[in-house]
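Take a look at the structure below.
Nothing in this text is a laboratory measurement; each read-out follows from the coordinates by a stated rule. Computed from a predicted model, the values in this text were never measured in an experiment. Quick reminder, even Gly has a Cβ in these numbers, built from the backbone with ideal geometry, and neighbours come from all protein chains shown.
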Amino acid sequence: MDFTTALIIIAVIYGTCAHYPYVKFLEGTGFKISILSLKWETKAFNRTLIKWGNTRPRFLDSWFTVGLYASLILLPVATCLNIFLDYEEGTIVIEPIIPGINLPATELGYYSLALIFCSVVHELGHALAAVLEDVNIIDVGANIFFILPVAYVNISTEKFSSLGHKKILKILCAGIWHNLVLAFVGLLIFSSLPFIFSPFYETDKGVTVNNMASHSPLLGPRGLKVGDIITKINECHCFRQLHNVKPAFCIDSDMVHDLDESIPLRHLENGIIECCDPKKSRNFCFEYLDTADGILLELPSHVCLPGRAVVEKSTNFCTYKHDSCSDNQYCFRPLLENTTSLFKIACNGKNVIYVGTSWDIYRTVDVSYYVSNGIFSTTKLPDIVTKIVSYITAFSFGLAIVNVVPVMYMDGQHIADILGDSLLRRSLGKTGAKLTTVIISWIFTFLILVHCVFVVSKIIL
């Protein structure tokens, strides 16, 4: 049970019992606690926001005018992203973050901190733009719904509604504009981090194993341990783009003749061909990939070989070019189930052999893309900074996208209302224009919900 949940439970109990000091405490501090929700409001920042909004009015007017046009340019781009690109060949452009599913529970603190910061920057844009247009700020606050922290600002709706369309759009688009700028700055900082930490860490020497889950299949005397530096996985000097590609190995013909323990071929129910004795779990059935070109094959089409011996003695891969092996070597690929692959992990001068899925490696091995040059023994500092900056960049851009699209109860709904009233009122009338924008907003709300369900189901399944 986290702190927020415990606090809400205590609040419900005390509120039900109607303890007078408890009620007065909440009224004095601005807190409002209900089931799955913790809300806080204050007027303490009103004077500061008014001062900031009136410091350089000409600059702020130009700043938010640029933000208005940038948001209007982003509107059709974000619309296309939500409609067309989310399902393109399985590529996910906008992905909902779900703690415990596609967000590690250990990174929940980074998630919350980044989301709060991005939300505050977003609302700061609304507040300063409102002050610039002489709209009163009632109060500011924050709301934690379950584990979702959100900041907000309350302004005078009467004064806001009396403004012209352009001024209203400047206030509505100010938060989106601030998120776009924050995302751009975050991207610049993120790109500069390897250079910033270059006196102490290297980023082109592999990855450092920071932590391993207790149930990781890669733990063990012949496996990985914390502090190992992984330099290569199969034929790829990478960790981010690890896929379940079945590797193929160049094997000496003498090794095939000496170690082959194949039995008559059997076709299994899953479509895999088996040529090894099931009792010998360390052996794998390998398929000969070299093209004969009309010449008789020099080796059997399928051989049964010990997996570790093949991986350790093989000096080259032939995954993508089956005819790339040197003389007296031939290309063989292990026959494994669809999601299973054979991984040769090179680290600290040794080879770790693992048979499984890339998802198991990602899920149970926590790595840093920084390798210490000896000055510091851990990579905690660059890892923490990198995670915070990456979350802020991603969340800020995500907030800009979600808020500019016409979705119910978001900034985009109100932007669509103003644009609809400006562009459609003459042809459809006030009621027709309003009805059109409401229908559009509900359509996009439905599309967003469908997209979230699709992404969640794809991640889980």
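What order do you get for 145, 249, 284 when you list them from fewest to most C-beta neighbours inside 10 Å? Each step should come with its number before you reach the end.
Details: 145 13, 249 28, 284 24.
Ranked by crowding around the Cβ, least crowded first: 145, 284, 249.
Would you please put 218-228, 65-75 in order of how densely packed they are, using the mean number of other Cβ atoms within 10 angstrom per residue and starting with the highest?
Values: 218-228: 14.7, 65-75: 17.6.
Packing order, densest peptide first, comes out as 65-75, 218-228.
Report the extension gain between residue 45 and residue 158 in nm, rounded to one decimal, defined as 0.36 nm multiplied by the number of residues separating them, less their alpha carbon distance. Spell out each step's value before the answer.
Details: separation 113, 0.36 × 113 = 40.68 nm, distance 2.12 nm.
Gain in length upon complete extension: 38.6 nm.
For the residue pairs 232/350; 246/350; 205/232, alpha carbon separations beyond 19 Å are given by 246/350. Taking 0.36 nm per residue of separation and subtracting the Cα-Cα distance, full extension of the segment from residue 253 to residue 376 would add 39.6 nm. Listed by chain and number, the lysines whose alpha-carbon sits under 30 Å from that of residue 159, ignoring those within fewer than 8 places in the same chain, are 32, 39, 43, 51, 167, 170, 430, 434.
For the range 344-461, the calculated P(r), taken from all Cα-Cα distances in 10 Å bins from zero up to the bin holding the longest distance, is 11, 22, 22, 18, 13, 9, 4, 1 percent. With the simple model of a label 7 Å out from the Cα in the direction of the Cβ, residue 202 to residue 308 spans 3.0 nm. Length gained on full extension, residue 273 to residue 143, computed as 0.36 nm times the residue gap minus the Cα-Cα distance: 41.0 nm.
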